[in-house]
Every structure is written in C-alpha cells, then in structure tokens.
Amino acid sequence: MSDETLVTKLSPRSVTDTVARFSEVLAAKGVKLFAVIDHSGEAEKAGLELRDTKVVIFGAPKAGTPVMQAVPVAALDLPLKVLVWDDDGQTKLTYTAPAGLAARYGLSDDLAARLGAIDPVTDAVIAG
C-alpha cells in the first residue's frame, strides 16, 4: 500500500515486544496509554486467523484538547493511534502522518505541531 498520508517504520522487535516498548516510552514521556487493541487476539478467539496486529492508542490531553476545541471532528482521529503489525516476519509501525491529519482538519501550524509528537515517540519505540 502506498499512501503519502501514512508513515511506516520498521521495528527490530516482535509485535509483542514493540507494544511493550511503546508502553515504556509513553510512561517515560508522561504520555497517556489509553488502550491496546489486539485485533489478532480477538480474531483468534473468533476462530479466525490474522497476522499479529495490534493498535496502540495514546495521547496527551494538553496537546489534543486544543485541536478538538478548534475542530471537534478531529476527535475521530484523536487520541493518536499506531498500528503495530507483522508483515511476513518484519514488525512495522504504521500511522497517519501528522501533516495528513493537519490537512484533513485544516489545522493551523500551532495546532498541527501538537500532533507531531507521534514521530519522536515512534522513533524512540524502534530505537535499538
């Protein structure tokens, strides 16, 4: 899939270990981990097969609330979400690019900058 509004990064860890690392990084940065959705686990419970696929949902109300105050429908994409998934043995992190979200909602530069924290957070998650 090629879409310039998506960012994909490679993780040196398994999906499970990458999600655990996500939790550590978020805690160290004081960012709220709202949920981890285990799509593959739920598929298995239903008797279906799905590659290891989890979504990490996180954010900082002080960063996201002003965005939602200015553009209420931005709540559809907030808090931020990162898909952590196995692609034929390679763990990947995929998320909507901050610039893509900013364009989708017509955010000012100041508000758009509030979404940019996803890049350094994901960089820290995949760092050796």
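Among the residues of region 104-128, which ones are over 11 Å from residue 74 (Cβ atoms), of a type outside the set (A, V, I, L, M) and open to solvent by 20 Å² or more (accessible area, probe 1.4 Å)?
Correct list: 108, 109, 110, 116, 119, 120, 123, 128.
For residue 26, state whether it is hydrophobic (A, V, I, L, M, F, W, C) and under 19 Å from residue 97 (Cα atoms).
Values: hydrophobic (A, V, I, L, M, F, W, C): yes; under 19 Å from residue 97 (Cα atoms): yes.
The answer is yes for residue 26.
Looking at 32, 54, 45, which is the one that is open to solvent by 50 Å² or more (accessible area, probe 1.4 Å), modelled with pLDDT of 95 or more and within 13 Å of the chain's Cα centre (by Cα)? First the steps, then the outcome.
Working: 54 fails: open to solvent by 50 Å² or more (accessible area, probe 1.4 Å); 45 fails: within 13 Å of the chain's Cα centre (by Cα).
Only one candidate passes the filter, namely 32.
Determine, yes or no, whether residue 96 is touching an Asp or Glu at 6+ places or on another chain (Cβ under 7 Å), of a type in the set (S, T, N, Q) and either touching a residue at least 40 places away in the same chain (Cβ under 8 Å) or more than 14 Å from residue 119 (Cα to Cα) (or both).
Values: touching an Asp or Glu at 6+ places or on another chain (Cβ under 7 Å): yes; of a type in the set (S, T, N, Q): yes; either touching a residue at least 40 places away in the same chain (Cβ under 8 Å) or more than 14 Å from residue 119 (Cα to Cα) (or both): yes.
In short, yes.
Quick check on my filter: what residues within region 1-17 are over 24 Å from residue 101 (Cα atoms), open to solvent by less than 60 Å² (accessible area, probe 1.4 Å) and not in a loop (DSSP other than H, G, I, E, B)?
Answer for region 1-17, where residues must be over 24 Å from residue 101 (Cα atoms), open to solvent by less than 60 Å² (accessible area, probe 1.4 Å) and not in a loop (DSSP other than H, G, I, E, B): just 15.
List the number of the failed condition for residue 80; all other conditions in (1) without any contact (Cβ under 8 Å) to a residue 40 or more places away in the chain; (2) of a type outside the set (Gly, Ala, Ser); (3) touching a Gly at 6+ places or on another chain (Cβ under 7 Å); (4) open to solvent by 30 Å² or more (accessible area, probe 1.4 Å) hold.
(4)
The values are calculated or read from the model by the stated rules, or taken from the named source; none is laboratory data. Note that the structure is predicted; figures quoted are calculated from it, not measured. Cβ sites come from the backbone with ideal geometry, for glycine too, and all protein chains shown count toward neighbours. Accessible surface is based on the protein model in full, side chains and every heavy atom, while ligands, DNA and RNA are left aside. Shrake-Rupley method; radii C 1.70, N 1.55, O 1.52, S 1.80 Å.
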